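Read through the structure below, which is laid out as structure tokens, and then see the notes.
Every read-out reported here was derived from the displayed coordinates using simple, explicitly stated rules and does not represent laboratory data. These figures come from a predicted structure and were not determined experimentally. Glycine also receives a Cβ, built like all others from the backbone with ideal geometry; neighbour counts cover every protein chain displayed.
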Amino acid sequence: MTFDDLVRRARALVKDGRRAILGITGAPAAGKTTLAEELVKAIDSAWVAHVPMDGFHLADVELDRLGRRHAKGAPDTFDALGYAALLQRLHADEDDVIYAPGFERVIEQPIAGAIPVFRDARLIVSEGNYLLVGDGPWAGVAPLLDEVWYADLDHEERIRRLIDRHRRFGKDENAAVEWATGTDERNAQVILATRERADLVIPAELLHRLGHPPA
């Protein structure tokens, strides 16, 4: 499997001009966003749009109300039904522009109306943790995705990337390690249990190369 193979497979999801949605899932820091961004860059046209699931994080003020801020990133700390409703609207393909929420890591908050998806976009690439979870409000997501790919990065590298990410966005070393090996790891186990439902598993070797072309 090569990256070019993935580009061809993603393009082939669009049949007879009908809009298709490709989902990319995997544990935290498995390389989902990098893979999505590299696919969009390779296709490089108004024909493709990147719509991450992360914009459906519940805001901290709501997590505080629910008493769930300590578990931010867990399945119940997202608006799964809102995400499914967006996917349905994207598939309906009836509007000249659809605005999707984004997520700003600097402030760790969702941002409404941050991502415009124009009518020309035939392929939507959407990555997120819980696309293949088969129960609760997440159960309605997978049927709305034409394919779901699983980013299968090795555990050690994924934890290293997670800790580095948490440090870059403000946590000290101890807090970064605690979050990566605690809350994030519990979520990773939920995601790992969905791996067998994926249409395609992206191996670690390919994920390691993304964003790091050979010299």
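Could you order the peptides 143-155, 124-136, 61-73 from most to least packed, using the average number of other C-beta atoms within 10 Å per residue?
Numbers: 143-155: 19.2, 124-136: 21.4, 61-73: 13.0.
Going by the mean number of other Cβ atoms within 10 Å, highest first, we get 124-136, 143-155, 61-73.
Once every DSSP H run of n ≥ 4 in the chain is given -39500 (n - 2.57) and the sum is divided by its residues, what mean residue ellipticity at 222 nm do you get, rounded to the nearest 500 deg cm²/dmol?
On the way: 8 runs with 81 residues, N = 215.
About -11000 deg cm²/dmol.
Taking only the C-alpha atoms of the chain, the Rg (one decimal) and the largest Cα-Cα distance, Dmax (whole number), read 16.7, 52 Å. Phi-derived couplings, Karplus 6.51 cos²θ - 1.76 cosθ + 1.60 at θ = phi - 60°, listed residue by residue for the range 109-120: 9, x, 10, 5, x, 8, 10, x, 10, 8, 4, 5 Hz, with x used for Gly and Pro. Amide H contacts under 5 Å for Ala49: Leu123, Ile124, Val125, restricted to partners 5 or more places along the chain or on a different chain, H placed in the peptide plane at 1.01 Å from N.
Counting pairwise Cα distances across the range 22-62, what percent come out greater than 16 angstrom? Could you put the intermediate results ahead of the total?
Details: 371 of 820 pairs.
Every Cα pair in the range 22-62 considered, those over 16 Å come to 45 percent.
The overall shape of the range 105-202 is oblate: from the C-alpha gyration tensor, with semi-axes ordered a ≥ b ≥ c, the ratio a/c is 1.5 or greater and a/b is no larger than b/c.
Have a look at the DSSP beta bridges in the chain and tell me what percent are antiparallel, nearest 5.
Taking every DSSP beta bridge within the chain, about 35 percent pair in antiparallel fashion.
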